[in-house]
1. Considering only region 43-99, state which residues are hydroxyl-bearing (Ser, Thr, Tyr), assigned to a loop (DSSP other than H, G, I, E, B) and over 20 Å from Met212 (Cα atoms).
2. Just checking, how many residues over region 324-345 are assigned to a loop (DSSP other than H, G, I, E, B), among the polar types (S, T, N, Q) and either closer than 13 Å to Tyr39 by Cβ or at pLDDT 95 or above (or both)?
3. Does at least one position in region 190-201 carry a residue that is open to solvent by 40 Å² or more (accessible area, probe 1.4 Å), modelled with pLDDT under 90, on the phi > 0 side of the Ramachandran plot and not in a loop (DSSP other than H, G, I, E, B)?
4. Mind listing whichever residues of region 417-451 are open to solvent by 30 Å² or more (accessible area, probe 1.4 Å), among the charged types (D, E, K, R) and under 22 Å from Ala325 (Cβ atoms)?
5. So, in region 138-157, how many residues would count as being over 11 Å from Arg204 (Cα atoms), at pLDDT 50 or above and assigned to a strand (DSSP E or B)?
6. Quick one: how many residues across region 212-251 are touching a strand residue (DSSP E or B) at 6+ places or on another chain (Cβ under 8 Å), modelled with pLDDT under 95 and not in a helix (DSSP H, G or I)?
7. Would you point out which residue out of Val65, Val133 is open to solvent by less than 10 Å² (accessible area, probe 1.4 Å), at pLDDT 95 or above and within 23 Å of Leu29 (Cβ to Cβ)?
8. Which residue pairs have Cβ atoms closer than 6 Å, lie 6 or more positions apart in sequence or on different chains, and pair a first residue in region 31-59 that is aromatic (Phe, Trp, Tyr) with a second residue that is open to solvent by less than 20 Å² (accessible area, probe 1.4 Å)?
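The values are calculated or read from the model by the stated rules, or taken from the named source; none is laboratory data. None of these values were measured; they are calculated from a predicted model. Cβ atoms come from the backbone with ideal geometry, glycine included; neighbour counts cover every protein chain shown. Quick note on the areas: whole protein, heavy atoms, side chains included, nothing else; ligands and nucleic acids left out. Shrake-Rupley method; radii C 1.70, N 1.55, O 1.52, S 1.80 Å.
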Amino acid sequence: MDFQVVVLAGGTSKNLLPLVSKEVPKALLPVANRPVLSYVLEQLELSNLKDLIVVVEGEDAAINVGGWISNAYVDRLHVEVATVHEEVGTAGALRAIAHHLTANDILVVSGDLVFDVPPGALAAAHRKHNAVVTTMLCPAPVSGPTESGSSGGKDKIKKPRRYNIIGLDPSKQFLLHIATGAEVEKDIRIQKSILRAVGQMEIRADLMDAHMYAFKRSVLQEVLDEKDEFQSLKDDVLPYLVRSQLKSEVLFNGVPQTEENGNEKVSSQNNQAVVSRIMANASTPSFHELSSGYNGSTHVRRIHKCCAYIASESRYCQRLNSIQAFSDINRDVIGDASHLSGYSFSAHNNIIHPSAQLGTRTTVGPHCMLWEGSQMGDKCSVKRSVIGRHCRIGSNVKVVNSVVMNHVTIGDGCSIHGSVICSNAQLQERAVLKDCQVGAGFVVTAGSEHKGESLARK
């Protein structure tokens with residue numbers, strides 16, 4: 001499709017400590033024993049989008065991500081790894097690599113997405129409407145973070161939360177309003193020019209910005225150049241483009257075209273197409289065309305289109321942007337969304353690697369994964385959990401709703417509920433963890449009990 005693809009892979013995100021490190025940056029965090037970035041690259045490959053720039057924050061993280069990509073995707077994808085400074089933001093990252101962007105259209109994908117929505121469908125919708133920006137919207141997850149913010153267990157009550165306030169035209173193809181971050185909790189103000197042009201608008205609070213965007217490169221670069229204070233695509237660039245689509249604030253050839261700035265206050269209410277179908281459907285004139293005629297004189301009004309592609313409710317789309325999300329996504333991918341894992345599950349609905357060893361009267365229940373070279377002693381129980389490579393687990397150990405990474409040692413009689421244990425950590429005998437995170441290489445002392453704690457080396 002002649003799109004240039006940019007994957008924003010992040011670095012060592014602070015809100016994922018102690019799970020991340022320079023050795024294991026966010027992009028390499030395991031989801032069902034695969035790096036989260038692999039889920040993005042796989043979907044791009046399936047859409048025949050194989051020429052990629054992967055942007056990583058920090059030199060050490062970039063080296064590790066680049067090394068993994070070279071080994072895993074040799075002869076499959078053409079990937080250039082670009083390094084940017086840490087904490088530059090998504091808009092800042094694109095600004096830093098602007099000299100690499102040459103195609104007419106740019107597809108920007110967050111590297112922490114786990115999804116099965118074809119990126120090619122978003123690209124096709126963007127081309128169909130000749131849009132300045134097209135954003136992918138997905139149904140907001142019913143299971144949001146728990147009130148405590150912990151990694152959660154079976155007994156946790158999860159409540160949905162509002163991710164965005166979205167305004168759509170009646171055809172649900174054009175994005176008329178978007179509120180993100182702190183703006184979600186404020187009164188909604190809609191510009192009069194848009195309301196007059198479209199006639200009616202549907203306000204949605206049940207959709208999530210998936211952090212996948214198609215941009216017209218010339219306009220994106222112009223905005224990034226002129227608005228050097230913009231740091232976030234979601235919070236700065238996208239709302240700006242949506243606000244200005246009929247006001248023509250976007251600079252064309254360096255000349256701003258402005259219009260009235262009136263707005264209307266409204267209240268919010270809760271209320272797949274394949275690529276070929278998107279391209280085949282003839283589009284009717286949008287409100288943009290109807291409002292872009294002569295403005296009472298010989299001056300033609302400048303407009304641009306901001307579009308939305310709404311994924312089907314049957315699709316899966318989540319971002320790994322918190323410890324809670326890390327735990328939820330791992331359980332989803334070995335549970336109801338197991339088709340994403342790329343593995344074949346047994347008749348017992350679990351995966352036990354052929355090289356793994358189980359002691360007598362040890363059970364590995366449904367929605368579990370026990371990976372290569374790991375060993376478990378006698379009378380152990382694993383429920384709804386992922387256990388990585390080459391772990392050594394003693395006898396009488398219980399693991400429930402947890403993720404255990406690689407090369408972890410767990411002593412006899414330990415109990416682990418709703419926790420994440422990073423690689424090379426050690427739990428001495430009879431240690432008890434509930435809703436905890438254990439950093440790489442940390443030693444949990446014998447007989448200790450921890451609840452809701454983050455345990456890591458100083």
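1. Tyr73
2. Qualifying residue count for the region: 1.
3. no
4. Selection gives Lys434, Lys451.
5. Within region 138-157, residues that are over 11 Å from Arg204 (Cα atoms), at pLDDT 50 or above and assigned to a strand (DSSP E or B) number 1.
6. 3
7. Val65
8. Short answer, once both residue conditions are applied: Tyr39/Val114.
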